[in-house]
Amino acid sequence: MLFPPVFARGHLSFMLDGHTIEFVQQGISVFGVTGLSWAPLDSKKHFGCSTIVTIRITDAAKPFAISTSAFLTREQTLYSEQMGLRFNLSDEQKKLLGDHIKKNGYYPTEYVRKYPRIPSADTIQTFPLRVVGTLPANLREAESIPVVFDVANLSPNGILLKTENQMALDIAPGQKLNLSLDPRGWFPVAVQIQGTVCRINDDLNLGNGNRIRYLGIKFTKVDEANRQAFLDLLKDILIRLKIDQESA
């Protein structure tokens, strides 16, 4: 299966709090870059800070540079914490960088997953757009307050959730969550699954300044009845998705 290129190699530089910071040969998309070291910056102090970043593409037929505003994002796993930059490119800059990526870019092999992820789609009648998450009873120090998440994507072995609810800021990588997937349309039951938080991405809503937290969750515990219900739900979603694609 062929995947379209989404990244190009380039150099980045910016200044923040008196530090001049440079990264070379990074995978850059039109949205930004991830997987950067925080040093010498501090993830708690500088997350969400804005800066002006210069992007230099040197392997194009005509090398070019772009300067754009950007803000710092954060990614956490159980073992690491990394920085990202979210670009605010103009339409002209997006076209320049996007055209270069189409011609000279790449799709990293580590992004190819065993099970493709299905993006959230409100046009698919049964696709669950919301999930309620709570801590398992044996991990609660007090009564756990449910948090409602939006579904970003779904796969047979995991789910990507997002929320601006600030209570989600207490969730950490490695933590377990009980999830209740609420299908729509004709599907008769909610699906109950326990998952483990593998990855957390913190972004910003530039409209209101709220932190947006993304949780990458791997399904780790489900009983037989809910496993069968989830497989039935997933089958229905894939059938409807195929019908939509064929009729498009």
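Checking I52, I21 one by one, the residue that is over 24 Å from the mean Cα position of the chain (by Cα), part of a strand (DSSP E or B) and modelled with pLDDT of 95 or more is I21 and no other. Of the residues screened, K62 is one that is over 22 Å from the mean Cα position of the chain (by Cα), basic (K, R) and surrounded by fewer than 16 Cβ atoms within 10 Å (Cβ to Cβ). Annotation: E246 fulfils all but one of (1) over 30 Å from S50 (Cβ atoms); (2) surrounded by 12 or more Cβ atoms within 10 Å (Cβ to Cβ); the unmet one is (2).
Residue check: T20 meets all listed conditions (1) touching a Ser or Thr at 6+ places or on another chain (Cβ under 9 Å); (2) surrounded by 11 or more Cβ atoms within 10 Å (Cβ to Cβ) but one, namely (2).
Between I171, I217, I200, the distinction of being among the β-branched types (V, I, T), in contact with a strand residue (DSSP E or B) (Cβ under 9 Å, 6 or more places away or on another chain) and at pLDDT below 95 belongs to I171 only. Every condition in (1) assigned to a loop (DSSP other than H, G, I, E, B); (2) more than 30 Å from I171 (Cβ to Cβ); (3) at pLDDT 95 or above holds for L41 except the one numbered (2).
A quick yes/no check of all residues on (1) among the hydrophobic types (A, V, I, L, M, F, W, C); (2) modelled with pLDDT under 95; (3) closer than 22 Å to P5 by Cα:
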residue	(1), (2), (3)
S69	no, no, no
E75	no, no, no
G84	no, no, yes
D91	no, no, yes
L96	yes, no, yes
P108	no, yes, yes
P119	no, yes, yes
L129	yes, yes, no
E141	no, yes, no
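For the range 190-226, a tally of residues being surrounded by 14 or more Cβ atoms within 10 Å (Cβ to Cβ), without any contact (Cβ under 8 Å) to a residue 24 or more places away in the chain and not small (G, A, S) returns 0.
The values are calculated or read from the model by the stated rules, or taken from the named source; none is laboratory data. Fair warning: this is a prediction, and the values are worked out from it, not measured in the lab. Every residue, glycine as well, gets a Cβ built from its backbone with ideal geometry; the counts of neighbours run over all protein chains shown.
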